[in-house]
1. Might you check whether a residue that is among the charged types (D, E, K, R) and under 28 Å from T76 (Cβ atoms) occurs anywhere in the range 12-26?
2. Filter the range 50-81 for residues that are touching a strand residue (DSSP E or B) at 6+ places or on another chain (Cβ under 7 Å) and not β-branched (V, I, T) and give the result.
3. Within the range 1-37, work out how many residues are of a type outside the set (A, V, I, L, M, F, W, C), touching a Gly at 6+ places or on another chain (Cβ under 7 Å) and open to solvent by 90 Å² or more (accessible area, probe 1.4 Å).
4. Which of the residues that make up the range 69-81 are among the aliphatic types (A, V, I, L, M) and open to solvent by 60 Å² or more (accessible area, probe 1.4 Å)?
5. Which of the residues that make up the range 2-49 are in contact with a strand residue (DSSP E or B) (Cβ under 6 Å, 6 or more places away or on another chain) and modelled with pLDDT under 90?
6. Is there any pair with a first residue in the range 46-59 that is farther than 13 Å from L25 by Cα and a second that is part of a loop (DSSP other than H, G, I, E, B) whose Cβ atoms are under 6 Å apart and which are 6 or more apart or on different chains, and what are they?
7. Of all residues in the range 38-68, which are loosely packed, with under 13 Cβ neighbours inside 10 Å and touching a Ser or Thr at 6+ places or on another chain (Cβ under 7 Å)?
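The values are calculated or read from the model by the stated rules, or taken from the named source; none is laboratory data. Keep in mind the model is a prediction, meaning the values are calculated, not measured. For neighbour counting, all protein chains shown are included, and Cβ atoms are generated from backbone atoms with ideal geometry for every residue, glycine included. To get the accessible areas, we keep the full protein, side chains included, count just its heavy atoms, and leave off ligands, DNA and RNA. Shrake-Rupley method; radii C 1.70, N 1.55, O 1.52, S 1.80 Å.
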Amino acid sequence: MPPVFQLPDYPLFIGALAENLPGWLAARRYSQLFVLTDTNTRAFCWPRLEPLLPEPPAGVMTIPAGEPYKTLDTCTDIWAN
């Protein structure tokens, strides 16, 4: 298990993603997984993350990168789709 730092609102895990993510997901037994990215994480992070998932996600949505898109309107659009 990777080191865990408990921040005020959530835990922060530090460690090798390829070694830890599959087991972390399996332990939670989610019925579905949905991936939300921005255009930067879709291009640079998603290709490294996708092969680590035990099965394809139920959906992948990509929003534009940048602070102007981190709004309640964006949240509304995500939930509508």
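1. no
2. Selection gives P57, A58, G59, M61, P64, A65, Y69, N81.
3. Applying the first criterion (of a type outside the set (A, V, I, L, M, F, W, C)) to the range 1-37 yields 2-3, 6, 8-11, 15, 19-20, 22-23, 28-32, 37.
Filter once more, so that each one left must be touching a Gly at 6+ places or on another chain (Cβ under 7 Å): 2-3.
Of the ones still in play, those that are also open to solvent by 90 Å² or more (accessible area, probe 1.4 Å) are none.
Residues flagged as of a type outside the set (A, V, I, L, M, F, W, C), touching a Gly at 6+ places or on another chain (Cβ under 7 Å) and open to solvent by 90 Å² or more (accessible area, probe 1.4 Å) within the range 1-37 amount to 0.
4. Of the range 69-81, the ones among the aliphatic types (A, V, I, L, M) are 72, 78, 80.
Matches in the range 69-81: L72, A80.
5. P2, V4, F5, P11, L12, F13
6. Note: pairs meeting the criteria are A58/Q32.
7. P64
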